[in-house]
1. Do the conditions hold for Ala53, that is, is it at pLDDT 95 or above, closer than 27 Å to Thr158 by Cα and of a type in the set (Gly, Ala, Ser)?
2. Limited to segment 133-145, what total is found for residues that are part of a helix (DSSP H, G or I) and either surrounded by fewer than 22 Cβ atoms within 10 Å (Cβ to Cβ) or within 16 Å of the ligand (Cβ to nearest atom) (or both)?
3. Please enumerate the residues belonging to segment 1-31 that are of a type in the set (Gly, Ala, Ser) and at pLDDT 95 or above.
4. If you check Ala155, Ala116, Ala109, which single one turns out to be within 16 Å of the ligand (Cβ to nearest atom) and either without any contact (Cβ under 8 Å) to a residue 12 or more places away in the chain or open to solvent by 10 Å² or more (accessible area, probe 1.4 Å) (or both)?
5. If you go through segment 158-191, how many residues are open to solvent by 60 Å² or more (accessible area, probe 1.4 Å), away from the ligand (no atom under 16 Å from the Cβ) and either at pLDDT 95 or above or more than 19 Å from Ala267 (Cβ to Cβ) (or both)?
6. Under 9 Å between Cβ atoms, which residue pairs at least 6 apart in sequence (or on different chains) link something in segment 293-309 that is hydroxyl-bearing (Ser, Thr, Tyr) with a partner that is at pLDDT below 95 and surrounded by fewer than 22 Cβ atoms within 10 Å (Cβ to Cβ)?
7. Restricting attention to segment 26-50, report how many residues are over 20 Å from the mean Cα position of the chain (by Cα) and crowded, with 24+ Cβ neighbours inside 10 Å.
8. Report, by residue number, each residue of segment 270-292 that is without any contact (Cβ under 8 Å) to a residue 24 or more places away in the chain and closer than 20 Å to Gly106 by Cα.
Amino acid sequence: MTSAMRTSPSVTVRAPAKVNLELRVGPVRPDGFHGLATVYQAVSLYDEVTVRAADEWSVTVEGPRALGVPADDSNLAMRAARALAAVHGIDEPVEIVIDKDIPVAGGMAGGSADAAAALVACDWLWGLSSSREELAEIGAELGSDVPFLVYGGTAIGTGRGEVVAPVLTRGTYHWVFAAADVGLSTPAVYAEFDRLASDREIADPVTSPDLMSALRSGDPAALGARLVNDLQPAAISLRPELGELLTDGLSYGALGGIVSGSGPTVAFLAAGHESAIDLAVALTASGAVTEAHRATGPAHGASLRGVPRVD
Ligand code: C5P
């Protein structure tokens, strides 16, 4: 530990995971990304990122899910901190510690959450008072989901996912996330999507008005019936067992089930708190999954611990 690390104050920010309630994938764009129309919801499953001034830039990953996360310059939180420093001409290295709870390579945007958290944390540490819009703009360069995790809540994402507009919702939704032991690579799932779609024209993506009305009604059964993910067939093609897991969850009483983003985490929507507990127990007790996490949505975006961000 260096002298700067011992004496300098730290800032801890937690950032939520996300689930895509609807994920519509369009054709590949000239920049290699797919055009998207998606409805994101932030959920109460968090990574925590602590930053403090240090003599050198460093990143450490701790917590139950640290395995497999790079602790070097390629780490998204590190890239986010450096990008914010570059925009403001800051030359003040930070030590970053990530406490990881969001499944890695699970389709829940854990890496993007760390980037969003690092942006908010460094913004506080360096006294920049950036708006969320400014942080989201920097985040968009780092990953398609980063801007959404700066805002949180429920939002429509367009472009490659980085253009975010909030959505009106009512109530709290109770989710059970069935995590897999081994992650799936996002580019591999998009490549499988392209392979499966190679014999047909892919339409421009749009989100459905029915899903918006379900969110406004606050009725979980209505939302459960409208969950849709164009990447799901690709994820199931790469991991056929996900299809069985979806069937199992529905047979245990879930109102809807969907592969989360590019997977392999499967998200189940429950009728309420008690049903979510029952569902999580049924999924683990039956051996369908080794880990089932309950979470509620919508959750706040990246916020100082205990202090939801307000601009
Ligand atoms: O933006 P992000 O870093 O999350 O993207 C990871 C990879 O996922 C991209 O390199 C690309 O292969 C794929 N992707 C895509 N279209 C999107 C988002 C991601 O093809 N809209």
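The values are calculated or read from the model by the stated rules, or taken from the named source; none is laboratory data. These figures come from a predicted structure and were not determined experimentally. No Cβ is skipped: glycine too gets one built from the backbone with ideal geometry, and neighbour counts run over all protein chains shown. All accessible areas refer to the heavy atoms of the entire protein, side chains included, with ligands and DNA or RNA removed. Shrake-Rupley method; radii C 1.70, N 1.55, O 1.52, S 1.80 Å.
1. Details: at pLDDT 95 or above: yes; closer than 27 Å to Thr158 by Cα: no; of a type in the set (Gly, Ala, Ser): yes.
Spelling it out, it is not the case that Ala53 is at pLDDT 95 or above, closer than 27 Å to Thr158 by Cα and of a type in the set (Gly, Ala, Ser).
2. Filtering segment 133-145 for residues part of a helix (DSSP H, G or I) gives 133-140.
From the residues that got through so far, the ones that are either surrounded by fewer than 22 Cβ atoms within 10 Å (Cβ to Cβ) or within 16 Å of the ligand (Cβ to nearest atom) (or both) too are 133-134, 136-140.
Qualifying residue count for the region: 7.
3. Residues of segment 1-31 of a type in the set (Gly, Ala, Ser): 3-4, 8, 10, 15, 17, 26.
Result: Ala15, Ala17, Gly26.
4. Only one candidate passes the filter, namely Ala109.
5. Result for segment 158-191: 4.
6. Cβ pairs passing all conditions: Ser303/Arg309.
7. Residues that pass the stated criteria total 0.
8. If the condition is that a residue be without any contact (Cβ under 8 Å) to a residue 24 or more places away in the chain and closer than 20 Å to Gly106 by Cα, then Thr284, Gly287 are the ones that fit.
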